Amino acid sequence: MKTTKNSQRLFKQARRYLPGGVDSPVRAFGAVGGIPRFIVKGKGSKIRDADGNSYIDYVCSWGPLILGHADRRVVKAIRDAAGKGTSFGAATEMETRLAGMISAAVPSMQMLRFVSSGTEAAMSAIRLARAFTGRGRIVKFDGCYHGHSDSLLVSGGSGMATLGIPDSPGVTASTAMDTLVAGYNDLDAVRRLFAKYPDSIAAVIVEPIAANMGLAHPARGFLSGLRRLSKEHGALLIFDEVISGFRVAYGGAQALYNIKPDLTCLGKIIGGGLPVGAYGGRRDIMQMVAPSGKVYQAGTLSGNPLAMTAGITTLEILNDPSVYRRLEEKGELLQQGLAAAACGACLPLSIAREGSLLTVFFSAESVTDYASARRCDTSVFARFLRGMLEEGIYWPPSQFEAAFLSLAHSLRDIDATLRAARKVFKQL
Ligand code: KE4
């Protein structure tokens, strides 16, 4: 057994000041048990914990680190920028530069605004959609996550079209009732919502490739159906590409599926590991954002020089088709190897993958929505997670998250991961 003495001590200290000892719930390992590892260093595909244990990392900060930890080019750019000042609360040329790079990569984002998290991006996009359409209701999908703003911390009952119910205490019923919920991939449910609430739906917000129920692909015709229905009913279509943006393709999922949303939310990769989010889209909509328009949104550290520099450096490296080919090859190798290992252990497993983003579901059926995701065996997943930790593999500590590969993951890393999986699957 790997020792976790120091992580245990640090976790105990952390719980004195921080709820659950963490600054984001999933980090507490609540879903999988065991001691959350306190990380002291990362380099490339590896992280090291407070007890000196080294792991091949498949969390990669939940997506931002597509280049791997402490990429020397990103670190140098941040170091150089920091020497000139970390934040001015004033305009800088770098914001324009990164915005231009994003708009060139994602043409539907004719204009955009930087914020400091994906939550802020999605929250602001919803406010803007409500202002632009003059309507109050929104549609989201069960199992999709768009950050922790009140309107979006709402989920449905089953996969049917339902009035939203608060996902968290503190979200008022009056707020939740403006959020309508449908099952992911259930286009009929969305059709029924538009019929039931005519002229009152401001927007449909969707993860074009879902990654917060584990990874689930859009069914054929689902995204184009949402595009058609929202246009037909005068609602905006918002793609939340906080995870998929610059992950599944340089142009995101909208490039893969050739669908043009009205607004897009970004985060994670565009900050190169520093806090950034962005929302953007059609010029006629974005012009409504203060100060050019009346929709208020602001942020002390929005577009700060360090995050902009890290984002610019990261996107410059990603803007090379061979990058996504290499990520695809690594993802394919890992998926094939995991499937073969599960087969060898007679373990019911389904794997969903898009490029360097994948989820291993402990279920024989493929996952197409939150209802099917919830049928997975989460207790087996927990044993898998803990077993992989023992083998030096740091897998995302929740069945309902995706794993992230980076350009720094080597073939040796993948071999080591598959060796570990073969051993752990047999123990399950
Ligand atoms: P942040 O506020 O955490 O930067 O972004 C919120 C968000 C918005 N949209 C999507 C599709 C997201 O996946 C997220 C956040 N992702 C989670 C992982 N699934 C962040 C990890 C965490 O909550 O600690």
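The values are calculated or read from the model by the stated rules, or taken from the named source; none is laboratory data. Everything quoted here is computed from the prediction, not taken from an experiment. For neighbour counting, all protein chains shown are included, and Cβ atoms are generated from backbone atoms with ideal geometry for every residue, glycine included. Protein only, heavy atoms only, side chains kept; ligands, DNA and RNA dropped before computing areas. Shrake-Rupley method; radii C 1.70, N 1.55, O 1.52, S 1.80 Å.
Would you call residue 189 under 17 Å from residue 129 (Cβ atoms) and open to solvent by less than 10 Å² (accessible area, probe 1.4 Å)? The answer is no for residue 189. Of all residues in the stretch 365-398, exactly one satisfies the criterion of being at pLDDT 95 or above, touching a strand residue (DSSP E or B) at 6+ places or on another chain (Cβ under 8 Å) and surrounded by fewer than 19 Cβ atoms within 10 Å (Cβ to Cβ), namely 392. Pairing residues of the stretch 10-28 that are under 22 Å from residue 168 (Cα atoms) with residues that are away from the ligand (no atom under 13 Å from the Cβ) and open to solvent by 100 Å² or more (accessible area, probe 1.4 Å), at Cβ distances under 8 Å and at least 6 apart in sequence or on separate chains, gives 21/12; 21/15. Scanning the stretch 385-414 for residues being part of a helix (DSSP H, G or I) and in contact with a helix residue (DSSP H, G or I) (Cβ under 6 Å, 6 or more places away or on another chain) gives a total of 3. Evaluated against (1) open to solvent by less than 10 Å² (accessible area, probe 1.4 Å); (2) in contact with a strand residue (DSSP E or B) (Cβ under 8 Å, 6 or more places away or on another chain); (3) among the hydrophobic types (A, V, I, L, M, F, W, C), residue 248 falls short on exactly one condition, (1). If you go through the stretch 78-93 and keep only what is of a type in the set (A, V, I, L, M, F, W, C) and either open to solvent by 70 Å² or more (accessible area, probe 1.4 Å) or more than 28 Å from the chain's Cα centre (by Cα) (or both), you end up with 88, 90, 91. Quick one: would you say residue 346 is exposed (fewer than 14 other Cβ atoms within 10 Å of the Cβ) and of a type outside the set (Ser, Thr, Tyr)? Taking the combined requirement at face value, the residue satisfies it.
Answer with yes or no whether residue 318 is modelled with pLDDT of 95 or more and either within 13 Å of residue 64 (Cα to Cα) or open to solvent by less than 40 Å² (accessible area, probe 1.4 Å) (or both). It is true that residue 318 is modelled with pLDDT of 95 or more and either within 13 Å of residue 64 (Cα to Cα) or open to solvent by less than 40 Å² (accessible area, probe 1.4 Å) (or both). Against the criterion of being closer than 25 Å to residue 356 by Cα, in contact with a strand residue (DSSP E or B) (Cβ under 9 Å, 6 or more places away or on another chain) and assigned to a loop (DSSP other than H, G, I, E, B), residue 66 qualifies.
Just one of the numbered conditions (1) within 19 Å of residue 297 (Cβ to Cβ); (2) more than 14 Å from the ligand (Cβ to nearest atom); (3) among the β-branched types (Val, Ile, Thr) is not true of residue 259: (1). Does the stretch 47-55 contain any residue that is open to solvent by less than 30 Å² (accessible area, probe 1.4 Å), within 16 Å of the ligand (Cβ to nearest atom) and under 22 Å from the mean Cα position of the chain (by Cα)? Scanning the stretch 47-55 turns up at least one residue that is open to solvent by less than 30 Å² (accessible area, probe 1.4 Å), within 16 Å of the ligand (Cβ to nearest atom) and under 22 Å from the mean Cα position of the chain (by Cα). A residue that is assigned to a loop (DSSP other than H, G, I, E, B), in the same structural domain as residue 140 (by TED's automatic domain parsing), within 12 Å of the ligand (Cβ to nearest atom) and not polar (S, T, N, Q) can be found somewhere in the stretch 228-242.
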